[in-house]
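Engineer: Take a look at the following structure, please.
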């Protein structure tokens, strides 16, 4: 029997009692004496639920432990369905777990961890936060304008010059560049936590290219759908109006010469840590998400490649660090920027926000001098206090810093990785003290951040407590700064990682509506005088290339799944009936899989060995993402290219894709070692689920593309990719199954299997009443223009799509080539394909299929060279385009 007061003594559904017990066990809350360390957002000193949290407490109590488990699963499913992801990177920006060998693909982004229980902020607390946040944005704006302008902060002696010029966020090339309007700081992110006394403290400001706003908006969508009853009871203030304020501010930031401003969101690409955040925000704003390859400087202006032409760009919302935006004036090794962009900025022909050089406001030393700077530049005192900082350049503070190294976070003014004092050994502390004493001005010490605690969905077992913080956002308006009502909440990691504000999960932030109506503190966004230019689609080579391969990988995944299903069924049908002539189909289908994927599926053509190893082969071709042509590789790459053009895709895409990725890419759930599971039943269950879910998903994805995507040039290129892939796969399949003549029984089974894989078996049986005839098969799957699975149908669709491209003239090289191969097919008589040569092959059929396949691959190469590659005179400084090349 458990001891009194243990978890077992608490009722299974008494989740609030479990929360209090967890607090007591953690040492942060005593059941009798109240909180002993840290502020509790949920319960007060007496252990009673605070008023702002009562609805959540009731909701949790009503659900009980079982309901909480279901809620946690619902949130995870919604996160997957919305495709919310996060790429883990180290402090140097390298993708964790990424491939070390050239040519290998980086891993797919990991899931976004979102807590099911929101972080609730009372109306009174939000009033305090909002006024302090807006003021802080104004202070930092004044500092930024001064550092790149009059520099009173330096000349007056308030701010030591070395703290500015030694920080990597200070960009000398940005001196004299100004953002149109009253404010130079456009977007501000602010990390806030609550101290043990209940006061709010700023731990860091983010001004380089603040991230997280897209996640905050996506989190609200998920949690509101997961707990609609709680959302209805609490009625939190909406966060979405901030997105509209941001949109209007971006339009208003355009140069005066722009009559219909074009706004874009510049992203480092899909392997960026917060690629989803960038893409989702671009989608919410309705502005194109672009990469460096989509932009070019010409005639002193910035242009976007679109619909085969160049479209003038007026405003860039920058998510690329300033140093990387121009390899000509800044980092020459950058592959993320646009050559000549800084010069365009100097001419005032484009606006980039946040402006270059704004990252200097992230200097850890700036927190130390912010009160003095606020008094100097604005005559104000910051309402939100900053974390206590000690600078080694001041004698008294240096002495404190050296004395308390073991209880501070140490940061260099040049932006190097911070050091957590409590994590250091005595020897390392002594060595660090000597380093600081040698160059004291280069070091600051910051008090360890304090965090309040709040309920989290925890693990199975109920509600637990976790340390929480918030990232809040503001955007510049004509009349001031508009804050997002709420923000991105987060759970802080335990141990020393928490001192660096490393997080383990996000939390949606709900701000309570005041009980009485008060005047809105947030300024109403002013409508810009200019009307934004509508951007129907982006069709740069980069975007078109990703859409082309999206079509190919989706079709490849579907076709591979179909052939795997047929092969697996035939294997089970004949594995104990080797004496039957129909059993010859198993090695033939395995050989076809090998030829199509370009990998070996047997021991030097030994049919018996091939059949014996069939289970391992089928597993590998399904689950091994490193095997060329495997189902897992196709699904993984489909996800990669889809995320690269997320702003082009329907929201329904991610629900479909998430289900397929869950079914195919997680075989390690059955065997952590990565190979086939020990249990044959488990292996068969995985294969059946992976194949069927892929088929269902790809059919659904095809429906989404047909019914939900605008059929613009991007859709057209995607359809071309799909049709080429289907045609290449069809010629390879027929070549592997029908060219070699076999016994009548084997021919019957092999032909039927090929027709099933082609999704044409029902039509074939209706036409031929079961009679096996190669000419009849060819008539249906090669020549019938009414059959969506036939080769002739694919050629006609490719011809139609090529004519729909902006560059079509009716005689481009791809158009001439498709006319040539379609003509060759039309000139072929199906009966001639029955002819058998002396070596037992249908020579005419083999030659036709081989020739068509080679020409199709040439067509793909031509389309890539014509429509999907950078023009030769627009190469980046580092040489030819080195983006991913897909087979």
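Engineer: Ranking request for peptides 723-731, 649-657: highest mean number of other beta-carbon atoms within 10 Å first, then the rest in descending order.
Structural biologist: Sorting 723-731, 649-657 by mean packing, highest first, produces 723-731, 649-657.
Engineer: Post the alpha-carbon centroid distance, the stretch 198-255 to the stretch 315-386, in whole angstrom.
Structural biologist: Measuring centre to centre over Cα atoms gives 22 Å.
Engineer: Could you give the angle, 0 to 90 degrees to the nearest 10, between helix 744-757's Cα long axis and the longest principal axis of the Cα atoms of the chain?
Structural biologist: 30
Engineer: Counting only helical runs of four or more DSSP H residues, what would the 222 nm mean residue ellipticity of the chain come to if each run contributes -39,500 (n - 2.57) and the total is spread over all its residues?
Structural biologist: Per the formula, -14000 deg cm²/dmol.
Engineer: Also: Pop the C-beta distance of residue 232 and residue 45 into the FRET formula with R0 = 45 Å and round what comes out to the nearest 0.05.
Structural biologist: Between residue 232 and residue 45 the formula returns 0.90.
Engineer: Can you give the angle from 0 to 90° between the axis of helix 680-708 and the longest principal axis of the chain, with both taken from C-alpha atoms, to the nearest 10?
Structural biologist: 80
Engineer: Rounded to the nearest 5, what % of DSSP beta bridges with both residues in the chain are antiparallel?
Structural biologist: 80
Engineer: Which order do peptides 836-847, 276-287 fall in by mean Cβ count within 10 Å, highest first?
Structural biologist: Listed from highest to lowest mean packing, they are 276-287, 836-847.
Engineer: Something else about it: Set the Förster distance to 60 Å, then compute FRET efficiency between residue 711 and residue 439 from the Cβ-Cβ distance, nearest 0.05.
Structural biologist: Efficiency computed from Cβ-Cβ geometry: 0.45.
Engineer: For the chain, what's the relative contact order in percent, using C-alpha pairs closer than 8 Å and at least 6 residues apart?
Structural biologist: Reported relative contact order: 14 percent.
Engineer: Within the stretch 702-729, whose backbone N sits under 15 Å from a point 7 Å along Cα→Cβ of residue 816?
Structural biologist: Output list for this probe position: empty.
Engineer: For the stretch 702-768, rounded, prolate or oblate, judged on the Cα gyration tensor with a ≥ b ≥ c (square roots of eigenvalues), a/c < 1.5 rounded, else prolate if a/b > b/c?
Structural biologist: prolate
Engineer: In whole percent, what relative contact order does the stretch 542-874 give with Cα contacts below 8 Å and a gap of six or more residues?
Structural biologist: 22
Engineer: If you don't mind, another one. Give the angle, between 0 and 90 degrees and rounded to the nearest 10, that separates the Cα long axis of helix 631-644 from the longest principal axis of the Cα atoms of the chain.
Structural biologist: With rounding to tens, the tilt is 50 degrees.
Engineer: While we're looking at this one, here's another question. Where the centre of each part is set by its Cα atoms, how far does the stretch 822-852 sit from the stretch 541-619, in angstrom?
Structural biologist: 24
Computed from the coordinates by the stated procedures, all read-outs in this text should not be read as laboratory data. If you're wondering where the values come from, they're calculated on a predicted model, not measured in any experiment. FYI the Cβ positions are ideal-geometry reconstructions off the backbone, even for glycines, and counts take in every protein chain you see.
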